[in-house]
Every structure is written in structure tokens, then in C-alpha cells.
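Below: the structure, in C-alpha cells.
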Amino acid sequence: MKILILTIILSVCLSCKKKESSGIENNNHAVHFSNSIPKNFKSVDKVVLLVNDPKITDTITFRNHDGSIWHQISFAYDDSDGKYDFYNPEFQPLRFHPDNMSLTLRAVAEKAYMIEVVVNEKTYQTKFINMESEKSLKTTTWEKFLLERENVQVNLNNTNLYEKIDGSLIPLPDMSQTIVKPVAVNGDWLKIKIETGSKFIYGWIRWRDKNSKNLNITFFI
């Protein structure tokens, strides 16, 4: 009987230990630096990008839903062979230029320390980042991100230029030699200043579709 009781107690203890080390949330508190993916994510509309002074040696990890590693990137690499060491054809975020240390992803959901980002803008594939461990990354709002851009490229096949939101159309100049500066944001609408030579034109464009998936602008480095 004593052996049976000790066996049961030992089994219970091992089970508890396994739950604690599995990375699953316990008592509604996330385990520190866990790479498990919490359930019940909250939808967000944010941007993930590099901090102002990231460490070039940092490796950024993207995870699958089960917490396993999907892909890793680094800005410290040997390109003497003309190739990027961390190339992945499926990794196509909003911006990624390893030579210039530029990375921008759109975030679509989050919970606690985990954030879900779009890693492929063509397929809308998403993966997860542990923001608590990725010290080279930060989140910001779309408004702040857009207004910090000094120049953007507008996809004129998908949007027009208006004098105001849903107002009259403004004839567009030749956009091949222009600088387009965002100056105001109102939801899916963006007010831009078009500089062409010594002339300035102000107007509004729809910078993304109503479903928030397709963007009508391209960001430079």
C-alpha cells in the first residue's frame, strides 16, 4: 500500500513539473520567455520594425503555431559568395533589406509577449514572434510609421488622388521624378504632399484597401 501511495504522489509531481516547464500559461500568467503560442489572440493593427540602434549580431526568430522555429534572420552574415546566408523564398514581409538593416512587418494579432506578423505579403502567411526575447524589435502604430516616412511610392493602378476624402479627383502629374511625403493619416486614407520640381501638390489617397490586406503604397528604406 505504501509503495502504491508513493507511486501516485511521484506521478502527480512529475505531471505538475511537466506542465510548468511546457511553457503553457499557468494561473493566467505567461511563463517568462516561453515560446509556446497562447490561445485567444486579440486582433491588432500595428507595425513591427527594428529599434533605432539594433545589434547587428542579433538573430530574429519566427515561430510556427506550435512554438517550433520556422525561420531565422540576422544582419551579421558573410556575403562574399554573393548570397544572403538566411535566404528564405517564403519570407517576403513589407520591407526587408539586410544590407541596410531594414525590416518592417505588419502585426495582425497579439497576446501577452507573443505577436502574430505577416511574413509573406503575397500569400498573407503569418508566423509568431516572441517580443519579450527579440530586443531588436519594437511595435508602433500605422499612423506614426507612415508619418515618419520621407518618401513613399504610390500604386496608381489601385488608388486615385482626391482633394479630400471621397472628394473630387485631382489630376496627377508625372510621378516618375517626384517625392511623395505622407503628411496626415485618417484611417485608411493618407494625405500626401507630391513634390515635383518646385511645385507641390496636396491630396488624399486610400493607402490600403478596406479589408486592410492590400497596400497601395510601397515603402522605401
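Listed values, structure above:
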read-out: Relative contact order of segment 42-141, pairs being alpha-carbon contacts under 8 Å that are 6 or more residues apart, as %; value: 36
read-out: Relative contact order [Cα under 8 Å, 6+ residues apart], segment 149-219, whole percent; value: 35
read-out: Charged-residue dipole, Cβ positions (Lys, Arg, Asp, Glu), segment 84-209 about Cα centre, Debye nearest 20; value: 280
read-out: Shape call, segment 138-221: gyration tensor on alpha carbons, a/c limit 1.5; value: oblate
read-out: Distance between modelled label sites at Asn155 and Asn186, nm, 7 Å Cα→Cβ extension; value: 2.3
read-out: Low-density loop cleavage sites - chymotrypsin sites (Phe, Trp or Tyr not before Pro) in segment 104-159, where at most 13 other Cβ are within 10 Å (DSSP); value: Tyr124
read-out: Label-point separation, Glu195 to Asp99 (7 Å along Cα→Cβ), nm; value: 2.5
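Here, each number is a calculation from the coordinates, and none is a lab measurement. Everything numeric in this text was worked out from a predicted model, so none of it was measured. Virtual Cβ from ideal backbone geometry, glycine too; neighbours counted across all protein chains shown.
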